[in-house]
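Following: one structure in structure tokens, then a few remarks.
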Amino acid sequence: IVHELCHLREQNHSKKFWAQVAAILPDYKERRKWLKENSARLTW
């Protein structure tokens, strides 16, 4: 959700975009890694 909300300000994945994500979720890199590793478990 944070990722999508940050797109309201930045419509790309620039450094500015990721800085906004990091301001809200300082551990976003760790969360992103977990999601990549576990995404198959989340399929419906």
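Quick note: the coordinates plus some simple rules give every number you see, no bench work behind them. Note that the structure is predicted; figures quoted are calculated from it, not measured. A quick note on method: Cβ atoms are made from the backbone with ideal geometry, for glycine too, and the neighbour counts reach across all protein chains shown.
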Nearest-0.05 FRET efficiency for ASN12 and SER39 at R0 = 30 Å, using Cβ-Cβ distance, is 0.85
Kirkwood hydrodynamic radius, computed over distinct alpha-carbon pairs, for the chain: how many Å, to one decimal? 11.2 Å
Please compute the net charge surrounding GLU10, taking Lys and Arg as +1 and Asp and Glu as -1 over other residues with Cβ under 14 Å from its Cβ. +2
